[in-house]
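Below is one structure, written out as structure tokens; comments come after it.
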Amino acid sequence: MSAMNGKPFTVFVEGNIGSGKTTFLEHFRQFEDITLLTEPVEAWRNLQGWNLLDLMYKDPAKWAMAFQSYVSLTMLDMHRRPTPTPVKLMERSLFSARYCFVENMMRSGTLHPAEFAVLDEWFRFIHHQIPIEADLIVYLKTTPSIVHERIKKRARSEEQCVPLSYIEDLHRLHEDWLINRTLGECPAPVLMLDADLDLSQITEEYKKSEHQILRKAVDVVMRSPNKLSPKKPISSSPIKIVPQLRL
Ligand SMILES: Nc1ncnc2c1ncn2[C@@H]1O[C@H](COP(=O)(O)OP(=O)(O)O)[C@@H](O)[C@H]1O
Ligand SMILES: Nc1nc2c(ncn2[C@H]2C[C@H](O)[C@@H](COP(=O)(O)O)O2)c(=O)[nH]1
């Protein structure tokens, strides 16, 4: 199934560490005609045998520049990845790397001002020379203390020493970027979801976003009904499938 006009309906899924971005993408695995691109964390944990994520957390002053440079490369690769489907969901973006993580490293003094200037120039160049657009941003809004507990429970070795204050700083930057609009550029309309809800309630919250996300795929269904169906068939009738998508 090719994307319409060669450009998929692109969604950036944004939110603090542990807010449920990967879990959100997994919710959409039930549908066909969607490309899901999770954050390349494993690439950051193993670049030719080097765990850049661990090095960055252990000695940010020394490794922040190298880590952010590689984050930029891997995220640009995701932005530019050919997408054969009408809908593409990406976990994070070059925008959150710049306006949340790099901004925080500059403000906290982790990045030298000259290092920040280099990363900022790279972001400006990429943003103005290469299309890295989005049609929608889904913002998984969370409370720092809640995601800090989730991070501890997830127990990713590199993150065990991440303090609550770091999560609070990232929260404020996400809010300023996506909600208050006092930081940087917001490249698409924002759909905010309450990602504090626990796993027993979060599916209903995720469903609030299905219509806006799947509407391009719905268009495809209306033109070729046999094309889109959940991997677990809801019904043999495309009509019953389409209302399921019209939430
Ligand atoms: N709504 C939720 N309630 C409770 N735990 C959650 C929820 N969403 C995700 N988790 C758990 O929290 C951790 C982080 O979720 P994940 O999807 O990896 O977040 P992210 O990709 O934003 O870092 C995982 O252990 C996951 O199982
Ligand atoms: N310093 C940066 N760290 C980043 C960036 N993008 C992600 N990360 C870190 C945060 C987590 O420890 C891990 C994965 O993020 P999740 O939110 O998916 O858990 O990678 C960045 O640009 N800079």
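Would you pick out the residues in segment 142-172 that are touching an Asp or Glu at 6+ places or on another chain (Cβ under 6 Å) and more than 11 Å from ligand 2 (Cβ to nearest atom)?
Those that are touching an Asp or Glu at 6+ places or on another chain (Cβ under 6 Å) and more than 11 Å from ligand 2 (Cβ to nearest atom): T143, P144, I146.
May I ask you to list the residues in segment 165-216 that are touching a Phe, Trp or Tyr at 6+ places or on another chain (Cβ under 8 Å) and at positive phi?
Passing the criteria: only G184.
For every residue, the table says whether it meets (1) aromatic (F, W, Y); (2) loosely packed, with under 13 Cβ neighbours inside 10 Å; (3) in a helix (DSSP H, G or I).
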site: E103; (1), (2), (3): no, no, yes
site: L111; (1), (2), (3): no, no, no
site: E115; (1), (2), (3): no, no, yes
site: F125; (1), (2), (3): yes, yes, yes
site: L140; (1), (2), (3): no, no, no
site: V162; (1), (2), (3): no, no, no
site: I167; (1), (2), (3): no, no, yes
site: H174; (1), (2), (3): no, no, yes
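If you scan segment 80-97, which residues turn out to be buried (at least 20 other Cβ atoms within 10 Å of the Cβ), more than 8 Å from ligand 2 (Cβ to nearest atom) and either closer than 17 Å to Q129 by Cα or within 16 Å of the chain's Cα centre (by Cα) (or both)?
Result: V87, K88, L89, M90, S93, L94, F95.
Restricting to segment 88-97, and then to whatever is within 12 Å of L76 (Cα to Cα) and either of a type in the set (S, T, N, Q) or in contact with a Gly (Cβ under 9 Å, 6 or more places away or on another chain) (or both), can you tell me which residue is farthest from ligand 1 (Cβ to nearest atom)?
F95
Taking the condition of being free of Cβ contacts under 8 Å to residues at least 60 places away in the same chain and within 12 Å of ligand 1 (Cβ to nearest atom), how many residues in segment 123-161 meet it?
Total satisfying the criteria: 7.
Please state which one of L191, L197 is more than 11 Å from ligand 1 (Cβ to nearest atom) and either more than 28 Å from R45 (Cα to Cα) or at pLDDT below 95 (or both).
Every option except L191 fails the conditions.
Limited to segment 122-138, what total is found for residues that are away from ligand 2 (no atom under 13 Å from the Cβ) and of a type in the set (F, W, Y)?
Residues meeting the conditions: 1.
The values are calculated or read from the model by the stated rules, or taken from the named source; none is laboratory data. Computed from a predicted structure; not experimentally measured. A quick note on method: Cβ atoms are made from the backbone with ideal geometry, for glycine too, and the neighbour counts reach across all protein chains shown.
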